[in-house]
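Written below as structure tokens is the structure these notes are about.
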Amino acid sequence: MSTTSQSKPSPEAQRRLIALHQTVKKTLERKWRLGHYAVVWEDGKVVKKSGDELKKLIFEE
């Protein structure tokens, strides 16, 4: 089996990654505004984020 390595994603993959990033950010922002929490993967662990921690995650990325 032969595998190839690309240095950057194809234009279609880039569009999909951008759409995914926007959707995640929008969802996290909605959870923050509603006062809910989000469970995220951070430093190899599952972490619960809420309040200011969630706001920081949304607006600093």
When only Cα pairs under 8 Å and 6 or more residues apart are kept, what is the percent relative contact order across the chain?
-> 24 percent
To the nearest 10 degrees, how steeply does helix 11-34 sit against the main Cα axis of the chain, on a 0 to 90 scale?
-> 10 degrees
About the Cα centre of the chain, what is the dipole size in debye to 20, counting +1 per Lys and Arg Cβ and -1 per Asp and Glu Cβ, all else neutral?
-> 260 debye
Along the positive direction of the dipole of the chain (beta-carbon charges: Lys, Arg +1; Asp, Glu -1; about the Cα centre), which of Ser10, Gln22, Val46 reaches farthest?
-> Gln22
Theoretical ellipticity at 222 nm over the chain - DSSP helices of four or more residues, -39500 (n - 2.57) apiece, nearest 500 = -18000 deg cm²/dmol
What FRET efficiency would be calculated for the residue pair Glu12, Asp52, taking the C-beta separation as r and a Förster radius of 30 Å, to the nearest 0.05?
-> 0.25
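Just so you know, all these numbers are worked out from the coordinates, no wet-lab data involved. Note that the coordinates shown come from a computational prediction; the quantities given were computed from them, not determined experimentally. Cβ: placed from backbone, ideal geometry, glycine included. Neighbour counts: every protein chain shown.
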